[in-house]
1. List the lysines whose Cα sits under 17 Å from the Cα of residue 114, skipping any in the same chain fewer than 8 residues away.
2. Which aspartates and glutamates does residue 225 reach when only Cα atoms under 12 Å apart count, and residues fewer than 8 places away in its own chain are ignored?
3. Once neighbouring chains are kept in place and the probe is 1.4 Å, which whole percent of the accessible area of region 128-268 is contributed by carbon and sulfur?
4. Using 30 Å as the Cα-Cα cut-off, could you pick out the over-long pairs in 194/298; 80/115; 80/157; 157/298; 111/134?
5. To the nearest whole percent, what portion of all C-alpha pairs in region 51-200 is separated by more than 26 angstrom?
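The values are calculated or read from the model by the stated rules, or taken from the named source; none is laboratory data. It should be emphasised that the depicted structure is a prediction, and the values quoted were computed from it without experimental measurement. All accessible areas refer to the heavy atoms of the entire protein, side chains included, with ligands and DNA or RNA removed. Shrake-Rupley method; radii C 1.70, N 1.55, O 1.52, S 1.80 Å.
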Amino acid sequence: MQQTICRVEARRTCSWTCVLRFISLRCFRGLDGNLRGNRRWFFSIYAGVGLIALPLDLVLEYIRRPKRMRESEFVAERQKLANELSKLKREGDQIKEEEAQIGGTEGWWAKRSKKSSVNSKVRKLEISVSQANKQFEKLKVQADYNRLAHPILYVLKLVLGIVCAIISLFWVLHIIIFMLAKRNGLPSHPFLNKFLVWLEERNTGFIGVTVYGLFAYFLLWACMKGNITFGLRFFCVTFYPMLPNETFMNSFIVNVLMFNVWSIALLHFCTLAFSDYARYTDANMIFGVQLMHMNFFKYFWENNVFLYIMLVCLVVTGIYFVCSSRGKVDKAKARLESENRV
């Protein structure tokens, strides 16, 4: 009798254990899926911005490279930078005074609004200081051009910018032709998939893997550039720069965290983008089948919401850079005309 009771209790325990394991597994898979879906928002925005910003910034670094200057030009630029630094110092002192006045503000909402305004001004000041620091480094190179300048480095950046522009163009065409344009529910053309499958069928699969990795790592680099560019222009996002020999530990940790956020979304995107090449793989089964049937995010996958967000961010970023470059050119022309009049 006692043995029978023990067996029944053991079966109940085993049943409850299986149920709890099943519930825990479902909860974990649902939570993990939702996190992956949420990561696609960051990935879509940063990748869309970075596909334009990455090649353009590399080309602009070549255009704005340090050049030889006459002594009079150097003195004028140095004085201009000194005036800008004095202005930034005054802004910093003013922000410090406003921050000290927050404690005496009455009302929770008024205090919160004032604190938010101060934080926004601090972010703007940080970005202005970062830009002034870049201008100082450029002037330092121009002061001793023969010893500190490295012209070949900027030529390599120009070549790299052109290569990145070509890869960005291939990514945009692949998204439109393979992932968005459908014919009878199927992609209108395999595009890059056809090239990768062709390499695999010719016993040159290692080249196909290299090309696949090149496009994936380029997209990762574009996401990092999009994060920095987005933080520079929109002050609602805290900016954590990554500079050689000047990166604080908190900036490093935050950027590594952002890498972790969009890396899974990048893997998901690449699996869908190269689904013909990644056929019969576990990654295609997980990202191309299971995640596509999530309870909430499946509507986003079916309607290609994240892809449209990426393309919209890409177009808006391109328009922004064109308009901002025209504004800078107009300001430069106006400044030259005023100097000539003087």
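1. Residue 114 reaches 96, 124.
2. 57
3. After summing per-atom areas, the C and S share lands at 70 percent.
4. Checking Cα-Cα distances, 80/115; 157/298; 111/134 exceed 30 Å.
5. 58 percent
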